[in-house]
1. Right, residue 99: crowded, with 17+ Cβ neighbours inside 10 Å, of a type in the set (A, V, I, L, M) and modelled with pLDDT under 85 or not?
2. Of all residues in segment 104-139, count the ones that are touching a residue at least 12 places away in the same chain (Cβ under 8 Å) and under 15 Å from residue 38 (Cβ atoms).
3. Pull up segment 25-84, narrow it to residues that are over 21 Å from residue 142 (Cα atoms) and in a strand (DSSP E or B), then point me to the one that is nearest to the chain's Cα centre (by Cα).
4. Please go through segment 108-166 and give me each residue that is under 21 Å from residue 85 (Cβ atoms), among the polar types (S, T, N, Q) and at pLDDT below 80, ordered by number.
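The values are calculated or read from the model by the stated rules, or taken from the named source; none is laboratory data. Just so you know, these numbers come straight off a predicted model, no measurement behind them. Every residue, glycine among them, receives a Cβ derived from its backbone with ideal geometry; neighbour counts consider all protein chains shown.
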Amino acid sequence: MMSLLLLAAAVQSSPDLGKAEGQCRANEQGPAFLVDVTGLKDREGLLKLELYPATDKDFLADDNVLINAGKTFRRVEIRVPQSGPVQMCIRAPSAGTYALSLLHDRDGNHKMGLSVDGIGFPANKKACWGQPKASAARATVGNGPTRINIVMMYRSQVVCFAPLND
């Protein structure tokens, strides 16, 4: 446990960690997720898409710890488009299975606000009682871009996040 704390302290956390590696190129041809984002509550704030190893231990782990351990971590952040379909692209280091997390940071403060912000995962299932398992966030990418859909969920009950139409 102490070694994890020391690793986390080695690199200061930054909203820019993983962005250079995650940013898709024009006409991306390598392994990447093309994410269609649906179910947005509004067109405010930021969308932050993150890619993790597809294990419970690593999913949603501190980005510093993952990077210092040589594990996969990627991040893409955009302003929510004011109109039209919303699509994000995040590069993967190679073909395989990863865990993805999408945050609708409605107030743009770079933090998850339980009563304000929305979340989404590839399984598109309601999330209750704490952090979801990696199985709810797993998606597989091939050698080229792979399209997936993530439906945003917002706090609907004291302990649950669900799509707006649930």
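1. no
2. 8
3. Among those that are over 21 Å from residue 142 (Cα atoms) and in a strand (DSSP E or B), it is 48.
4. Residue satisfying the conditions is 165 alone.
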